[in-house]
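A short write-up of the structure that comes next.
The values are calculated or read from the model by the stated rules, or taken from the named source; none is laboratory data. Here the structure is a predicted model, which is why all the values come from computation and not from measurement. Cβ atoms come from the backbone with ideal geometry, glycine included; neighbour counts cover every protein chain shown. Just so you know, the surface numbers come from the protein's heavy atoms only, side chains and all, with ligands and any DNA or RNA stripped out. Shrake-Rupley method; radii C 1.70, N 1.55, O 1.52, S 1.80 Å.
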Amino acid sequence: MGFGPASSGLGIRVEGITRNSTLVCVPIMAESIDKMIIDVMKAGENGADIVEIRLDALKIFNPHEDLKTLIKESPVPTLFTYRPKWEGGQYDGDESQRRDVLRLAMKLGADYIDVELQVAQEFIDSIRQEKPNNFKVIVSSHNYKKTPSLEDLGSLVAEIQASGADIVKIATTALDITDVARVFQVLVYSQVPIIGLVMKDRGFISRVLCPKFGGYLTFGTLEEGIVSAPGQPTIKDLLNLYNFRQIGPDTKVFGIVGNPVGDSKLPALFNELFKLIGFNAVYVPFLVDDPSKFLDTYSSVDTGGFSVTTPYKEALFEYCDEVDPVAKAIGAVNYVVRRQTDGKLCGYNTDCFCAISAIEDGVLGSRNDSSKVGSGLAGKLFVVIGAGGAGKALAYGAKEKGARVVIADRTYDRARELADRIGGQALSLTDLENFHPEDGMILANTTPIGMQPKVNETPISKHALKNYSLVFDAVYTPKMTRLLREAEESGAAIVPGLEMFIRQAYAQYEGFTGLPAPKERIRKNLAGN
């Protein structure tokens, strides 16, 4: 399916474009009416179009008085949900009383109520004679186990519509990111107003991209972690980080493919840059388990390209239609662009240049020192930890610069394979602890060891670091890893992974947009200076 409908070119946004019609709804989950009122006001201040007031969250509830107060105090339209335990909520009382409360909310001036499919037909029949013209009933179905087949989803939508729903809502659970595509298809082809969202981390893109497919609303929370369903973003991130209001049918989709991807800085960076130049695109995290399945599913030209991170740099290399010479020599890619003329995937590897140039600058002692001729790596003993995609890039780049390369990996055979390929030496990671043929060696960690959240881990002991004159760590979250901190304490010069990351961002921006990279802005965004 891809992220269609496809459009020609990547599309620069024209001045005066109108915002999409998809509403942003903030769920209100407070346990008291007073706190609910505070949160409702905050939601309005933060840009919400509507609030979902979850009555089942209340510890003490006086229906007539509290409903009247909430409706009166809300600065935006109200949606009332009184979710029972059998549908994933907290209400465990009398069913007829629950439905009486929802009817009362309608009579007191609520704009929407949400009622579950299981009881929808009876409920809608009971209000038919007194239902206000501007009042809407959302009929919802939640599947907390999986996302059904496209055929079953279609049948479910038809069943919800037949119940008399004004708005159809389906919420499924993502076991794989490709599950989201089926819900997108349902959104595109639905003839009625529809909310279609996929829960959990692998369904996150459904919450950001739903305006592209005509979704009626999405949910954004006031605070991180205070969610009414798994995987909800904050309203701040929706509106500011993902530029949600400007996402439409022709918006191109870019993103970072990896596992994990949650801590990536790239969505914030690229969405800011796209907004700056009026580029009709959005950049999202793709939490991928099977790269082949992912690429087969999201295959339209509206999927403009991907940054590629651990552990898929080698895997995506295999699926590219074309690769640049450096990527071909290394056998790995770190970003992919879908060519708009024929839809082919073109892979590139800038890990090599970006990391090696950062390390060379570290050896010279200044990023801007160009007075010396040749590479500072020539003749150096260059130890690479890790034989994956990034490790291959560093080994290849160091060899090209005239260094003598040693590969260390937890799996010796993997290290041996890469060492044989580039003409170097192989070690197991345990052997690296006592490896000291000479002083002044260079160390480059290309593994995720030490990355958030496991910030106390390091690939090599502090004792062994005294043999190195410079240490590079490809990990950039946190900026100062334990490896770098202990290397600096041992007297080595250090090069943070952030330096490589910034230079990669330059190249990827140019690959995605076809425009020169705003280098100062990228550096400021990523480095914070």
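Odds and ends about this structure:
- According to the Cα-based calculation, Rg over Rh for segment 23-233 is 0.94, with Rh computed by the Kirkwood formula.
- Working from the Cα coordinates of the chain, the gyration tensor eigenvalues give, after taking √(5λ), semi-axes of 51, 24, 20 Å in decreasing order.
- Residues of the chain: accessible area per residue with a 1.4 Å probe, Å²: 42 Å²
- Net length gained if the chain between residue 45 and residue 430 were fully extended (0.36 nm per residue, minus Cα distance): 133.0 nm
- Cα lying deepest toward the dipole's positive end in segment 363-469, options 375, 424, 452, charges on Cβ: 375
- Here the accessible area of the chain is 49 percent carbon and sulfur, with a 1.4 angstrom probe and all protein chains present.
- Straight-line cross-link partners of residue 401 among the aspartates and glutamates, defined as a Cα under 17 Å from its Cα and at least 8 positions apart when in the same chain: 351, 360, 361.
- For a straight C-alpha distance cut-off of 20 angstrom, the aspartates and glutamates reachable from residue 131 (same-chain residues fewer than eight places away being disregarded) are 52, 100, 111, 114, 116, 122, 166.
- For segment 303-409, the convex hull spanned by the alpha carbon atoms encloses 115 Å³ per residue.
- Calculated diffusion of segment 336-479, Stokes-Einstein form, Kirkwood radius summed over Cα pairs, 4 °C and 1.567 mPa s, µm²/s: 81 µm²/s
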